[in-house]
Structures are given as C-alpha cells and as structure tokens.
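First up is the structure itself, then whatever we jot down about it.
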C-alpha cells in the first residue's frame, strides 16, 4: 500500500513538473508571404564574409535563429532569379549580436531594485552585387540595419531566447524594408518587369 502511494506521489510530482515547464518553441521566421523580388539574373548566390567568434560577448551562435540564418531564409523566400545570364551575389558582411553588461544598482538599494542587466546589440550588414559573365560588377546596393534591446536581471533563459528572437525578427523587418528600397534605387534595371 505504501509503495503504491509513493508511486502515485512520484507520478503527480513528475506530471506537475512537466506541466510547469515553459513552452520554448519559437515560430519559424519566413518571408514567403511577401511579394517575390524577381531579378533578371540566371543565378543567386549567398556568401558570408562574417565569421562568428563563437565566444562572448557574441551570442548569435547560441540562438535558434541568428541574423545570418534569418537573412538566408529571406533570400530563399523573397528573391527569385528570372533571367538567363548574370548572377546576383549577396554578401553578408556582419551578422552579430553582442551582449553588453549594464551598470547595476549597488548596496541596499540594489537589493530592492530590479535593474536592466544586459543590452543586446544586433547588426546585419549585406551587399548585393549583380555580376556579369566574367564576374565584373554591374551594380550593387548595401544595407546595414541595427537593433538593440535591454533585459532585466531576473530574466530566465527561455524569455531571453524569445526576446532575442523578437529582436532578430524586428531587425529583419527593418532590413526587408530598407534593402528592397536600396535594390529598387541602385539595381532597378535588374528587377524583372522594370
């Protein structure tokens, strides 16, 4: 009888523990709901010149969705090759998120104060060039967008991941708007239907 009661208690504790775990599932960032950006090129290439340091203060390598991975999805979802010749080369120059410690309230007052403990700074810097058959540039456009956000000292890991995901999502909204304008301004003659 005691063994049965103990097993029941363990089952209840485990069920409660499983139910109290927060949902860490993040949505997938996609851009296929936006109108395609058709370029009169025969090929599209994405190259990264950015090498994540894989250590502090950088944190992009620890995230489910980094600025670089979000950008690659953006290219796949939005940019279409609709020509026979030339190549559009997208080069990622920078795609970092760094953590910057913030000053905390000291002493007794600090015990009763909930400070913002870190600021996260995100950068996405991309150049697109249209290249001819010999690799010569026929035109290019550059876009650099930044975002930052602070988090409280008592934030848990799941909320931090979600906050950084939302910052990356906002960074990509800025990027999408700015980059499309730049492409239309500097590479308009390569947009299909122009």
field: Candidate set from the stretch 166-179 (those that are under 8 Å from the mean Cα position of the chain (by Cα) and more than 16 Å from residue 150 (Cβ to Cβ)); member that is surrounded by the most Cβ atoms within 10 Å (Cβ to Cβ)
entry: 172
query: So which residues in the stretch 32-43 are surrounded by 11 or more Cβ atoms within 10 Å (Cβ to Cβ), closer than 24 Å to residue 139 by Cα and under 21 Å from the mean Cα position of the chain (by Cα), if there are any at all?
result: 36, 37
query: For the stretch 66-146, which fully contained strands (runs of 3 or more DSSP E) count at least 2 residues that are more than 28 Å from residue 36 (Cβ to Cβ) and in contact with a strand residue (DSSP E or B) (Cβ under 9 Å, 6 or more places away or on another chain)?
result: 97-101, 116-131
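Out of all the residues in the stretch 133-149, which are more than 30 Å from residue 103 (Cα to Cα) and surrounded by 14 or more Cβ atoms within 10 Å (Cβ to Cβ)?
138, 139, 140, 141, 142, 143
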message: Contact list please: Cβ distance under 7 Å, first residue in the stretch 85-111 and at negative phi and in contact (Cβ under 8 Å) with a residue 60 or more places away in the chain, second residue surrounded by 13 or more Cβ atoms within 10 Å (Cβ to Cβ) and not in a strand (DSSP E or B), pairs at least six apart or on different chains.
response: 88/41; 97/59; 97/60; 97/67; 97/164
message: Looking at the stretch 150-159, can you tell me whether even one residue there is modelled with pLDDT of 95 or more, crowded, with 16+ Cβ neighbours inside 10 Å, within 23 Å of the chain's Cα centre (by Cα) and part of a strand (DSSP E or B)?
response: yes
- prompt: Taking into account only those residues within the stretch 66-93 that are under 21 Å from residue 29 (Cβ atoms) and over 17 Å from the mean Cα position of the chain (by Cα), which is surrounded by the fewest Cβ atoms within 10 Å (Cβ to Cβ)?
  reply: 80
- request: Would you mind stating whether residue 130 is closer than 21 Å to residue 72 by Cβ, buried (at least 17 other Cβ atoms within 10 Å of the Cβ), modelled with pLDDT of 95 or more and in contact with a helix residue (DSSP H, G or I) (Cβ under 7 Å, 6 or more places away or on another chain)?
  value: yes
- prompt: If you check every pair at least six apart or on different chains, which have Cβ atoms under 8 Å apart with a residue in the stretch 178-194 that is closer than 18 Å to residue 89 by Cβ first and a residue that is part of a helix (DSSP H, G or I) second?
  reply: 191/183; 191/184
task: Sort out which residues of the stretch 44-65 are surrounded by fewer than 13 Cβ atoms within 10 Å (Cβ to Cβ) and assigned to a strand (DSSP E or B), and write them in order of number.
output: 47
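So for the stretch 129-143 (the condition being under 17 Å from the mean Cα position of the chain (by Cα) and closer than 26 Å to residue 175 by Cα), does at least one residue qualify? Spell out how you get there, then give the answer.
Initially, the stretch 129-143 is screened for residues under 17 Å from the mean Cα position of the chain (by Cα), giving 143.
Filter once more, so that each one left must be closer than 26 Å to residue 175 by Cα: 143.
Yes - at least one qualifying residue is present in the stretch 129-143.
The values are calculated or read from the model by the stated rules, or taken from the named source; none is laboratory data. Bear in mind that the values here come from a model prediction, so they are computed numbers and not experimental data. Backbone-built Cβ (ideal geometry, glycine too); neighbour counts: all protein chains shown.
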